[in-house]
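What follows is a short report on a single structure.
The values are calculated or read from the model by the stated rules, or taken from the named source; none is laboratory data. Keep in mind the model is a prediction, meaning the values are calculated, not measured. Heads up, the Cβs are rebuilt from the backbone with ideal geometry, glycines too, and the neighbour counts pull from every protein chain shown.
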Amino acid sequence: MRDYISWAGSGLRAAVIGVAALAMLAVGCAVTQNVVAAEEAAAAEESGETQMAEKQYPVQKTDEEWRALLTEEQYKVTRIGGTECAFTGQFWNDHRDGVYHCVCCGNPLFSSAAKFESGTGWPSYFQPVGPERIYEKTDRSHGMVRTEVLCNRCGAHLGHVFRDGPEPTGLRFCINSVALEWKPQLVEPTDDTAAPAAADAAQE
């Protein structure tokens with residue numbers, strides 16, 4: 001009887017191990033298939049065989065409307081992907097507590113709690129307020145392959161993200177000061193929020 005129980009127990013353990021192994025194999029295959037599919041899609045895009053659909057942002061304005069709302073430098077950076085000179089922006093050496101919002105639409109983007117001194121001359125953060133706040137895409141301009149960071153609400157160009165940042169993320173979001181507006185606390189944008197900092201600058 002004791003031998004039978006031992007044999008039955010061994011059989012049960014073997015069955016459990018077998019099921020676990022099959023489950024791990026299935027997950028591994030799914031991950032591999034996803035990686036292969038992503039690589040094939042990237043290769044197809046690179047070769048010109050296909051083109052990624054343009055993302056549609058919740059806040060949509062014409063080029064004329066953006067020009068009217070933004071200063072010349074804000075427009076150059078956020079709407080046509082320019083870059084401010086290092087060590088010239090108002091936030092690269094800013095140490096106030098608060099939240100940095102999109103200058104175009106007011107979307108809360110980065111917290112001072114995630115800001116660190118990168119030595120690059122641009123404000124740097126190791127993570128955004130939330131992953132849904134930003135949108136990332138491949139940037140192949142200027143003979144380089146980088147990851148561009150945009151506002152997920154209006155598509156404003158913010159900067160780029162690199163994998164040489166501090167813990168806990170190991171990321172460095174290198175952001176243009178001119179694309180940001182500092183506020184002492186997180187303020188969710190309303191439907192009519194649009195470039196408040198630019199409007200204030202135009203009135204001065």
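Count of the range 56-72 residues, restricted to those that are closer than 17 Å to E181 by Cβ and surrounded by fewer than 16 Cβ atoms within 10 Å (Cβ to Cβ), is 1.
Once the range 121-146 is narrowed to residues that are β-branched (V, I, T) and surrounded by 14 or more Cβ atoms within 10 Å (Cβ to Cβ), the residue that is nearest to K183 (Cα to Cα) is V129. Across the range 56-110, the number of residues qualifying as of a type in the set (K, R) and closer than 17 Å to I175 by Cα comes to 3.
Taking the criterion of being modelled with pLDDT under 90, in a loop (DSSP other than H, G, I, E, B) and not acidic (D, E), would at least one residue in the range 174-191 satisfy it? Scanning the range 174-191, I find at least one residue that is modelled with pLDDT under 90, in a loop (DSSP other than H, G, I, E, B) and not acidic (D, E), so the answer is yes.
Can you name every residue in the range 102-154 that is in a loop (DSSP other than H, G, I, E, B) and touching a residue at least 60 places away in the same chain (Cβ under 8 Å)?
V103, C104, C105, G106, N107, N152, R153, C154 - these are the residues of the range 102-154 that are in a loop (DSSP other than H, G, I, E, B) and touching a residue at least 60 places away in the same chain (Cβ under 8 Å).
Under 6 Å between Cβ atoms, which residue pairs at least 6 apart in sequence (or on different chains) link something in the range 155-175 that is without any contact (Cβ under 8 Å) to a residue 24 or more places away in the chain with a partner that is surrounded by 19 or more Cβ atoms within 10 Å (Cβ to Cβ) and of a type outside the set (A, V, I, L, M)? Partner pairs satisfying both residue conditions: H160/C174; F162/R172; D164/R172.
As a summary of the residue check, A194 satisfies the conditions (1) modelled with pLDDT under 90; (2) farther than 21 Å from T83 by Cβ; (3) surrounded by fewer than 19 Cβ atoms within 10 Å (Cβ to Cβ); (4) of a type in the set (A, V, I, L, M, F, W, C) except for the one numbered (3).
Could you check the range 80-101 and list, in sequence order, the residues that are crowded, with 19+ Cβ neighbours inside 10 Å and assigned to a loop (DSSP other than H, G, I, E, B)?
Kept after step one, since they are crowded, with 19+ Cβ neighbours inside 10 Å, are these residues of the range 80-101: 84, 89, 91-92, 99-101.
Selection gives E84, G89, F91, W92.
Do you know which of the residues in the range 37-55 that are under 20 Å from the mean Cα position of the chain (by Cα) and loosely packed, with under 10 Cβ neighbours inside 10 Å is modelled with the lowest pLDDT? Checking each candidate, the answer is A53. Checking each residue in the range 114-146 for being basic (K, R) and out of contact with any Leu (no Cβ under 6 Å at 6 or more places or on another chain) picks out K115, K137, R140, R146. For the list (1) under 11 Å from N107 (Cα atoms); (2) over 12 Å from the mean Cα position of the chain (by Cα), I need the number of the one condition that C151 fails. Status for C151: all satisfied but (2).
Considering H157, H142, the condition of being within 29 Å of E65 (Cα to Cα), more than 13 Å from the chain's Cα centre (by Cα) and in the same structural domain as R79 (by TED's automatic domain parsing) is satisfied by H142 alone. Scan the range 112-135 for residues that are more than 15 Å from F162 (Cβ to Cβ) and either in contact with a Gly (Cβ under 8 Å, 6 or more places away or on another chain) or β-branched (V, I, T) (or both) and the total you get is 3.
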